[in-house]
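Engineer: Below is a structure I'd like to ask you about.
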Amino acid sequence: MPGPERDIVIGADGFLGRNLVPRLRAAGREVVEIGRAAGDLSDWANVERALRDAAPAGRIFHVVTRQRTGAIQYDIQGELLAINTRIHLNVLEAWRLYQPQAKLVSTGSSCTYPESAEPLPEARFGQGPTHPSVIGYGLAKQVLATGSAAYAHQYGLSFLHCVLATLYGPHDNTASDRSHFVGALLDRAVREKAAGAQAFEVWGNPQTIREVLYVDDQIDAILAADRAFENE
């Protein structure tokens, strides 16, 4: 693998990051962890300091984002747009200035795809309006994806942007305004079973189809894509 045998993980103490870091170390990589202790990553000074002070890396895994779920997300799309766009632009600029030898591997979301009653092909990325609940969040992810390509083109950098499935697994957040449906459902099932219940009620449309993936399998896919793709 080109570049130093070292990876930087931005968001190392989040759900995906906490599962990714030990996988990278098990593969013999040195890992620089950038997490909440680095401060608010929507503040340029914190991102600049973190990537400037880190030893040169072969890859930067950018897996941090601010997100909320459930009804609350409808009311804070401006906030999610502003905070996440600042985070992503800060990472892009600090990558260019302080870690240009590193391949930026960032994680996106299916929220960037338009709302549709039919299955969507990969090429529909960013083509059409997103669901009202994720307008700001999805737009910020598009900024990250398009920004990675723009920075790579202008400055001769290397990137990969991965659109993830809905994940579940160890370290998943089960708070009511942070959990995705599969993690919340599993957490509730465990708690109900422990309390002696034999069944519990779930609301929703039984015809809805959602793609979910165990977090370790998603990491396998990210690492496989990193080996196979460049600037895509």
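The values are calculated or read from the model by the stated rules, or taken from the named source; none is laboratory data. Note that the coordinates shown come from a computational prediction; the quantities given were computed from them, not determined experimentally. Positions of Cβ are backbone-derived with ideal geometry, glycine not excepted, and every protein chain shown enters the neighbour counts.
Engineer: Within the range 120-135, identify whether any single residue is surrounded by 20 or more Cβ atoms within 10 Å (Cβ to Cβ) and in contact (Cβ under 8 Å) with a residue 24 or more places away in the chain, and answer yes or no.
Structural biologist: Yes, the range 120-135 has at least one match.
Engineer: Is it the case, given these coordinates, that Ala57 is part of a helix (DSSP H, G or I), more than 22 Å from Ala175 (Cα to Cα) and out of contact with any Ser or Thr (no Cβ under 9 Å at 6 or more places or on another chain)?
Structural biologist: Taking the combined requirement at face value, the residue does not satisfy it.
Engineer: Quick one: what pairs do we get from the range 191-202, first residue closer than 20 Å to Ala175 by Cβ, second part of a helix (DSSP H, G or I) and small (Gly, Ala, Ser), C-beta under 9 Å, 6+ apart or different chains?
Structural biologist: Phe200/Ala189
Engineer: Name the pairs whose Cβ atoms lie under 8 Å apart, with the first residue in the range 9-29 and of a type in the set (S, T, N, Q), the second surrounded by 18 or more Cβ atoms within 10 Å (Cβ to Cβ), and 6 or more positions between them or separate chains?
Structural biologist: So the pair list comes out as Asn19/Gly169; Asn19/Val215; Asn19/Ile219.
Engineer: Take the residues of the range 187-227 that are modelled with pLDDT under 95 and charged (D, E, K, R): which is surrounded by the fewest Cβ atoms within 10 Å (Cβ to Cβ)?
Structural biologist: Glu201
Engineer: Okay, next question. Scan the range 154-198 residue by residue and report those that are farther than 17 Å from Phe15 by Cβ and in contact with a helix residue (DSSP H, G or I) (Cβ under 8 Å, 6 or more places away or on another chain).
Structural biologist: The answer is Tyr155, Leu157, Ser158, Phe159, Leu160, His161.
Engineer: Also, quick follow-up: Need the failing condition index for Ala12 against (1) closer than 19 Å to Asp172 by Cβ; (2) in a loop (DSSP other than H, G, I, E, B); (3) modelled with pLDDT under 95, just the number.
Structural biologist: The failed condition is (3).
Engineer: Confirm whether Arg66 is outside any strand (DSSP E or B), within 19 Å of Leu144 (Cα to Cα) and at pLDDT below 95.
Structural biologist: It is true that Arg66 is outside any strand (DSSP E or B), within 19 Å of Leu144 (Cα to Cα) and at pLDDT below 95.
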